[in-house]
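Before any comments, here is the structure.
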Amino acid sequence: MNRNRKRCCWALAILVLSLLLLAVPVFAVGMSTLYHPPAVTVLTENAPRDLKLTIRISTENGIVPVELEKKTRVWEQQFRLFREGVFSIRAWYGNNRDLKDAELVLRSGGQEKTVPLTREITDQMNYNDILMLDYKNGTVSVGMPFWRGPLMLILRTVIAAALVLLIFRLRGYEGKRAVILVPIVALVCYGLLNMTTSSWLNTDPRSLVSYILYAMLAIFVQILGCVVLVDEDSADRRLTTCLLANLPAMAFNSLALFLLPQ
């Protein structure tokens, strides 16, 4: 019975890894010609859920309004201006000159207010810049808060490590050595893995190929660490438990790339 269970666990792990490997070339080919970085990305604070954002760009021929593409990630709303949205403007590159005298128009609940992009802001900008919009105060600043990236990295890493430890505990690993070493190994592996995606706010989706390879390496290192450092059970059972533990942890970590702010 135990042997059959081990075979099932191995088969499941191999199936998951195989699906990941099969997805790599398909994804890379499918996205190779579709990705263009945004000219401007606006992240919001204290914003209502129905917020819509339009940028009014000043040109020689008048004002051109362009609605920004919206994406909601749990508590954060993200708006992006792509080059495709301003095809009507000739010789437009999204730099500080192109955005001179531009305005952000905020629409929510049937109300509208305008936030100008002052020269103080646009002089700091260049192509593919990030702006922080505080809806409540009606202010815009260039760049993200220094704590945002590290905070999200820690959040993803801690949850993944907690899932690994949970599976170990459910599998009967309650010794002090396992309780201490298992999360430490998971924190190190998932921490390093998440560092590779810490700046993925506007990344090329083809970078997922590298992420999958790094993820496989992280799982391998965890298996090696658990088998060597944890001596509470047989090596075969530790191996199986580590594989099982990484299924929900890696699933969460991967989904976090698309569901949580980066």
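Every pair of different Cα atoms in the range 40-142 enters the Kirkwood calculation, which places the hydrodynamic radius at 13.8 Å.
Compared with the dominant principal axis of the Cα atoms in the chain, helix 235-259 is inclined by about 10°. Computed from the alpha carbon atoms alone, the convex hull of the range 174-242 holds 81 Å³ per residue. For the pair residue 71 and residue 95, label points projected 7 Å from Cα toward Cβ lie 2.6 nm apart. With axes computed from alpha carbons, what is the tilt in degrees of helix 2-31 against the longest principal axis of the chain, rounded to the nearest 10 within 0 to 90? Tilt of helix 2-31: around 20 degrees. Most simply put, the range 40-142 has about 85% antiparallel DSSP beta bridges, counting only bridges with both residues inside it. Only Cα pairs under 8 Å and 6+ residues apart enter the sum, and on that basis the relative contact order of the range 91-195 stands at 18 percent. With contacts taken as Cα pairs under 8 Å and at least 6 residues apart, the chain reaches a relative contact order of 21 percent.
In plain terms, the residue of 257, 166, 68 with the fewest other Cβ atoms within 10 Å comes first and the most crowded comes last, giving 166, 257, 68. Database remark: amide H of residue 51 closer than 5 angstrom to no amide H (H placed geometrically; neighbours at sequence offset of 5 or more, or on other chains; Pro and chain starts carry no H).
Restricting the calculation to Cα atoms, the range 140-262 shows an Rg/Rh of 1.03 when the hydrodynamic-style radius is the Kirkwood one. The longest part of the chain holding none of the exposed loop trypsin sites (Lys or Arg not before Pro), meaning those outside H, G, I, E and B in DSSP with at most 12 other Cβ atoms within 10 Å, is 137-262.
On full extension, the segment bounded by residue 148 and residue 255 gains 36.7 nm, given 0.36 nm per residue less the C-alpha separation. On C-alpha positions alone, give me the angle between the axis of helix 148-170 and the longest principal axis of the chain, in degrees, nearest 10. It works out to around 20 degrees. Put simply, the Cα atoms of the chain extend 76, 39, 32 Å along their principal axes, the longest span coming first.
The numbers here are math on the coordinates, done by the rules we state, and not lab data. The model shown is predicted, which means the values in this text are computed figures rather than measured ones. Don't worry about glycine lacking a Cβ; one is built from the backbone with ideal geometry, like all the others, and counts go over all protein chains shown.
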